[in-house]
Amino acid sequence: MAKILFIMKRIVIFVCIFAIAIMASAQRQVRTDVPTNQIRLSDPFVLADKATQMYYMTGTGGQLWKSKDLKTWEGPYSVTQTDPQSWMGPRPMIWAAELHQYKDKYYYFATFTNRSVKIDTVRNNVIERRACHILVSDKPDGPYRPMADPTYLPADQPTLDASFWLDKDGKPYLIFCHEWLQNWNGTVEKIELKPDLSGVVGNRKILFRAFDSPWSRERDENGKEIPNKVTDGPYVFRTQTGSLGMLWTSWVYSVYTQGVAYSQSGTLDGPWIQEKEPITPPNFGHGMIFRTLDGKLLLCCHSHDDSKGSYDRRPAFFLVDDSGDKIKIVGRYNP
């Protein structure tokens with residue numbers, strides 16, 4: 001018995017030392033005074049939190065950066081605590097995370113991928129279990145944890161790039177894409193959320209498809225020029241005149257490109273009319289719009305550079321004029 005207690009004690013000590021070592025290692029990875037252009041981050045999203053007078057930036061990878069002035073950042077911090085017994089598995093990939101304050105909570109909208117589960121094969125592409133989901137926290141810097149419903153969208157369809165919108169009917173909605181890998185003509189869709197965002201109600205609705213775009217381009221198997229099949233990064237906004245718009249991203253051949261559409265009805269139901277030209281310069285995309293703590297309206301997106309054979313994506317800011325029915329990009333903004 002004494003030997004067993006001794007072994008158990010050694011195990012407890014080992015586990016404690018191991019946990020401390022992991023925490024210390026994680027702490028050493030946190031950096032301070034990091035300029036924005038030195039952060040490699042796809043799909044950046046910035047929450048300007050008035051309560052804490054801080055900026056919180058997240059994106060693909062699921063980690064969090066903090067800043068007081070948008071000039072330099074502290075991080076990255078791990079802020080998600082997913083359920084390893086859920087469909088996500090123990091270590092899900094996290095794409096395109098967003099932070100939204102709603103009522104008295106903070107919500108973490110993201111795409112989670114469990115690479116060990118395959119849901120479909122289309123045109124020889126094996127599709128992994130990937131879906132939009134929402135986590136919740138009492139604080140902007142987390143931790144963010146699961147809510148009531150284990151799933152928000154169908155398990156047999158890859159969905160991604162979740163965003164949030166409160167429409168004119170006063171109801172909250174999940175905005176998302178049904179990925180082109182399965183339908184070969186990506187969609188942007190909506191579905192109503194429960195009042196506390198803990199799940200969905202009703203049926204989803206397609207708002208528009210990738211092929212509706214007049215500016216995105218690719219070539220089909222026969223070399224014919226067609227609209228690109230990718231829908232990526234939807235983000236809904238309203239101008240000062242009440243016009244409802246949506247940023248979204250696709251490609252012009254090999255150039256990552258961001259466009260915008262506007263709803264004729266002023267609601268999510270549309271119809272959505274696509275602008276003829278992109279909204280940002282080439283090789284910028286997956287954008288969102290936020291107002292700084294001192295009142296500037298900025299579009300945050302990532303730059304896209306694959307000239308060296310791999311993606312190099314970094315957060316970038318543009319000044320925005322939303323005084324009319326359509327937004328205008330004024331120019332680059334360097335904090």
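Brief remarks on what is shown
- Within the chain, helix-based [θ] at 222 nm, where runs of 4 or more DSSP H residues each add -39,500 (n - 2.57), nearest 500: -3000 deg cm²/dmol
- Cα long-axis angle, helix 2-29 against the chain (0 to 90 degrees, to the nearest 10): 30
- The largest accessible area among Leu299, Leu166 belongs to the first residue in Leu166, Leu299, and the rest follow in falling order (1.4 Å probe, all chains).
- A 1.4 Å probe over all protein chains sorts Arg145, Arg129 by accessible area into Arg145, Arg129, starting with the largest.
- Gaussian network model of the chain, springs between alpha carbon atoms under 10 Å - residue of Thr151, Thr32, Thr80 with greatest fluctuation: Thr32
- Computed with a 1.4 Å probe on the full set of protein chains, the accessible area for Asp120 sits at about 50 Å².
- When all protein chains stay in place and ligands, DNA and RNA are ignored, the 1.4 Å accessible-area order of Trp248, Trp165, largest first, is Trp165, Trp248.
- Cα-based shape type of region 188-335, given that a ≥ b ≥ c are square roots of the gyration tensor eigenvalues and the cut on a/c is 1.5: oblate
- In the context of the full set of protein chains, the chain has a per residue accessible area of 49 Å² (1.4 Å probe).
- Taking 0.36 nm per residue of sequence separation and removing the Cα-Cα distance, the Asp269/Arg145 pair yields an extension gain of 41.6 nm.
- Model label points for Lys171 and Lys205, set 7 angstrom from Cα along the Cα-to-Cβ axis, are 0.8 nm apart.
- If only the Cβ of Lys and Arg carry +1 and only the Cβ of Asp and Glu carry -1, the dipole of the chain around its Cα centre is close to 1040 debye.
- Three-way shape call for the chain based on the alpha-carbon gyration tensor, with the a/c threshold at 1.5: prolate
- Candidate aspartates and glutamates - alpha carbon under 18 Å from Lys276, same-chain residues fewer than 8 apart omitted: Asp212, Glu218, Glu225, Asp232, Asp325
- Judged by the ratio a/c of the largest to the smallest principal axis of the C-alpha gyration tensor, region 103-260 counts as oblate, that ratio being 1.5 or greater while a/b is no larger than b/c.
- Given charges at Cβ of Lys, Arg, Asp, Glu: the chain dipole, positive-most of Gln182, Val255, Val30: Val30
- Residue pairs, from the table Lys168/Lys224; Lys168/Lys229; Lys171/Lys229; Lys118/Lys139; Lys71/Lys194; Lys68/Lys118, whose Cα atoms sit over 32 Å apart: Lys168/Lys224; Lys118/Lys139; Lys71/Lys194; Lys68/Lys118
- Among Ile289, Ile134, Ile119: highest mean-square fluctuation, GNM of the chain, C-alpha pairs under 10 Å: Ile119
- Amide H contacts under 5 Å for Tyr256: Asn283, restricted to partners 5 or more places along the chain or on a different chain, H placed in the peptide plane at 1.01 Å from N.
- Applying the criteria of a DSSP loop state and at most 10 other Cβ atoms within 10 Å to the GluC sites (Glu not before Pro) of region 203-287 yields Glu221.
- Here the chain exposes an accessible surface that is 53 percent carbon and sulfur, computed with a 1.4 Å probe and the other protein chains kept in place.
The values are calculated or read from the model by the stated rules, or taken from the named source; none is laboratory data. Nothing here was measured: the structure is a model prediction, and the numbers come from that model. So basically every Cβ, Gly included, is an ideal-geometry build from the backbone, and we count neighbours across all protein chains shown. Protein only, heavy atoms only, side chains kept; ligands, DNA and RNA dropped before computing areas. Shrake-Rupley method; radii C 1.70, N 1.55, O 1.52, S 1.80 Å.
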